[in-house]
1. Among the numbered criteria (1) surrounded by 24 or more Cβ atoms within 10 Å (Cβ to Cβ); (2) more than 24 Å from ILE130 (Cα to Cα); (3) β-branched (Val, Ile, Thr), which one does ILE286 miss?
2. Filter the range 405-442 for residues that are among the hydroxyl-bearing types (Ser, Thr, Tyr) and farther than 22 Å from CYS15 by Cβ; which is least open to solvent (accessible area, probe 1.4 Å)?
3. Going residue by residue through the range 109-132, is there one that turns out to be closer than 17 Å to PRO237 by Cβ and part of a helix (DSSP H, G or I)?
4. When you look at GLY137, is it surrounded by 20 or more Cβ atoms within 10 Å (Cβ to Cβ), of a type outside the set (A, V, I, L, M, F, W, C) and assigned to a helix (DSSP H, G or I), yes or no?
5. Of all residues in the range 373-382, how many are over 30 Å from the mean Cα position of the chain (by Cα) and open to solvent by less than 40 Å² (accessible area, probe 1.4 Å)?
6. Please go through the range 332-372 and give me each residue that is open to solvent by less than 20 Å² (accessible area, probe 1.4 Å) and at positive phi, ordered by number.
7. Please find, within the range 301-316, the residue that is surrounded by the fewest Cβ atoms within 10 Å (Cβ to Cβ) out of those that are of a type in the set (A, V, I, L, M) and part of a loop (DSSP other than H, G, I, E, B).
8. Give the residue that is farthest from the chain's Cα centre (by Cα), with candidates limited to residues of the range 92-129 that are among the aliphatic types (A, V, I, L, M), open to solvent by 10 Å² or more (accessible area, probe 1.4 Å) and within 25 Å of SER62 (Cα to Cα).
Amino acid sequence: MAGSYQPLPRAGDTCQLPLMCLLPPWAPPPSSFCLSSFRSQPRNPTLPFCTAATHSNADNESSLFRFQDVHAMVFVGFGFLMVFLQRYGFSSVGFTFLLAAFALQWSTLVQGFLHSFDSGHIHVGMESMINADFCAGAVLISFGAVLGKTGPAQLLLMALLEVVLFGINEFVLLNLLGVRDAGGSMTIHTFGAYFGLVLSRVLYRPQLEKSRHRQGSVYHSDLFAMIGTIFLWIFWPSFNSALTALGAGQHRTALNTYYSLAASTLGTFALSALVGEDGRLDMVHIQNAALAGGVVVGTSSEMMLTPFGALAAGFLAGTVSTLGYKFFTPILELKFKVQDTCGVHNLHGMPGVLGALLGVLVAGLATHEAYGDGLESVFPLIAEGQRSATSQAVHQLFGLFVTLLFASVGGALGGLLLKLPFLDSPPDSQCYEDQVHWEVPGEHEDKAQRPLRMEEADTQA
């Protein structure tokens, strides 16, 4: 009963969240920002976010529309995808809102110092906004691994560390190694997933059985979670193509993502029926594994993957993700002590690694004949003769290992920080419960209605 719940008092909690929320706005001196004109210069890993190039109004409008799509994915798609827990809907949507707002501010600073710091100013524009949303997406993926087991102050501390490591990892891959990763199979999905999984391992709770009855879903919570799935599914082609070169490269990225998502959806439905009891579908599979097609082509979507290749990759990703939810998630907890609430290993981790390996394969097959004049926008180092296709493939593979290293070390360090005793970690018996951190309507309903019920009994007597 909601009315019988009594949250445990925790000293010092009142100030933790407000203080953490004040960090990003006041971290830099006000003079360190310089608002550039909003230009949609395609992203080149060797250039800062904003350049002196000029573009047409049509290009500017296209950049704005892509930003809006990515923004909707981060705040609506990720938020509602996590509301499947029966007693954690407020926290799923609310903490997604909080973390994304925090991460996009902090990421603007971190990525600004790494990419576009010039003459004492950070130049910001439409591309830096999209990049900040990408970083927020990685943080929310990690949030999914520890959903329900952490408080808001802990989550903000996690975001504070993860945004920095995300920026450094992205800088190493894109600027120093020359890795191509348009849709973020490595920099967003793989990094966010394994950062969160290692974090969850460090924060392992052996007594989590005390809250196991709240970990499941109910009919309406799964229905609301499907809203997040549909938002992510619709806007994922924009997500993968948001920072690709305008023209054929951008269209190719959207097309490959489009077909991969469609194939992963069919693969998910087919396999869910095969492994389900009496041939029935599992809503957990449909909510999550159907999206794996967008993850698996993140790296290779701007390359010459071809529609058939996108369909094959998407179907494989949907199949692997569904099998992960059915069989691997329980093993992950029992054998490896990783309590992955949302199954980010199945949706982002394994498909992200597969996407990185697919990028290695497609990069190794790149030729001037296949790409024509478009080779310079996809593989500039190959076009300039500084690298062979084989060398590019090796750098792509090395980028995956670097990402896993940053994610693992960062997750372990983050877990140690989040275990500090003064942070607002909910006890084992109160995990997956909104009333720990929220005023929930109806929680005092029994007390309010008790006099009325007594009066009705007296009247009937």
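1. Among (1) surrounded by 24 or more Cβ atoms within 10 Å (Cβ to Cβ); (2) more than 24 Å from ILE130 (Cα to Cα); (3) β-branched (Val, Ile, Thr), the lone unmet condition for ILE286 is (1).
2. TYR432
3. yes
4. So GLY137 fits the description; yes.
5. 1
6. Residue satisfying the conditions is GLY343 alone.
7. Per the criteria, the residue is MET304.
8. Taking the candidates together, the pick is VAL124.
The values are calculated or read from the model by the stated rules, or taken from the named source; none is laboratory data. On a predicted model such as this, the values are computed, not experimentally measured, just so you know. Glycine gets a Cβ as well: all are built from the backbone with ideal geometry, and neighbour counts include every protein chain shown. When the accessible area is computed, the model is the full protein with side chains, heavy atoms only, and any ligands, DNA or RNA have been set aside. Shrake-Rupley method; radii C 1.70, N 1.55, O 1.52, S 1.80 Å.
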